[in-house]
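Enquirer: Take a look at the following structure, please.
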Amino acid sequence: MDVKGLWHFLHRDASGRWAIWYLYLFAAIGLFSDFLANERPLVFREEGAWHFPIFRQMLAQVGLGQEEGKYVQEGWAGHSFEWVIRPLIPYSAETIDRRNLGAKSPFGPQRVAHIRYWHWLGTDQSGHDVAAGLIHGARVALFIGLIGMLTATIVGVLLGAIAGYWGDSGLEMSIARMVAYGATALGASYFIWAHQYGRVEGEADGWHHVQTGLGLVLFFVLGKGIAWGMEKSAMLGRRVPLRVDFWVSRLTEVLNSLPTLLFILAILATLEHPSIYYIMLVIGLLRWTGIARLVRAEMLRVRTLQYVEAARVLGLPDSRILWRHALPNSLGPVWVALAFGMAGAVLVEASLSFLGIGLPVETVTWGSLMRQLPGGNLRPWWLAVFPGLLIFLTVLAFNRLGESLSRAARTGTE
């Protein structure tokens, strides 16, 4: 079944249709969370000039500008403008309403200057608006689940395809390249570690990641140059089989034998500066095993089909046969695994946030809202019900989507 047919099948399937529409809404809220819940106006006019503070805030976060210090110092809530459009919820996830500290109920008394400043889902113990926290928490869950599983998919598809197509004897490499690439990988790993711990205080995240990327490119070019020079030696230029199927299978077995959550906790406990990027990377590097096994199994079947044999007879290189012909016909199970993996990633992120591990303390997520429940006291029920309901619905939607994709795959093969 092609992509267009799969799309129509999912929208016709009763189970998958509501899941898709819910995930549409979930993705839209996550992507546009700053425009839905923010103490800054969307746009305002003052002294004849137009200002777009949310866009300016987003540029400042990636190091491409600075925020308007005047308004940040004076505060946004009590400022009067000539003309203004405010977000639906006039609070950001970090805004503290000092008049409503101590977990105010959405149906109880609240001290607000105007009805538009009412906390419709209540506040947490520190006076943060729960609705704003849920909206911004959707972005965290979306990015961690999506980017984490995309990383897992890329790694799993790459390793599974290579292991299934070439096996233990089909792929060879010179000793020089093995030594050079191994040394380059170790050097690049040390560079990432040293660059992270030597980071200048206050340096913008965007520029820091650009420096890291440029350093990795330099290491890659250096490794290619070293390998080219070493291959001129007769001994180091000798080609040996890589046995990729053996090593990928053993690595998959080792990672599958480890408790995922405990392993993630052990890795994150060694980090001095927690970040959302580390969560994405760790989830991606631990969740690829199931995808790799599916792709490997499909590749073992596809490589024996007649069109692959015909391509070999025509003299096409193995790399072109793999990436242009064999791999596209082996990706059917990957979509199912990706949907179920997204559900697992959302649960992992919520669990880590609930335990207070992995993300910075100031980052608001669904799990961090539930963590603020006093021990044994369920009086602030809204801190458990609303985040818990969103976690349940999101995980259920991804699972339903996975089941619909599985039915679509079976229908396409009948």
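Enquirer: Please grab the % of Cα pairs in segment 116-156 that end up more than 17 Å from each other.
Expert: I get 49 percent for the Cα pairs in segment 116-156 exceeding 17 Å.
Enquirer: Still on this structure, I have one more. Can you tell me the alpha carbon radius of gyration of segment 280-414 divided by the globular rule-of-thumb value 2.2 N^0.38 Å? It would help to have the intermediate numbers written out before the result.
Expert: Values: Rg = 21.3 Å, N = 135, 2.2 N^0.38 = 14.2 Å.
My calculation over the Cα atoms of segment 280-414 gives 1.50.
Enquirer: Taking 0.36 nm per intervening residue step and subtracting the Cα-Cα distance, what contour gain separates V43 from W18 on full extension? If you can, show how the numbers build up before the last one.
Expert: Working: separation 25, 0.36 × 25 = 9.00 nm, distance 3.42 nm.
Full extension from V43 to W18 adds 5.6 nm.
The numbers here are math on the coordinates, done by the rules we state, and not lab data. A quick note: this is a predicted structure, and the numbers were derived from the prediction, not measured.
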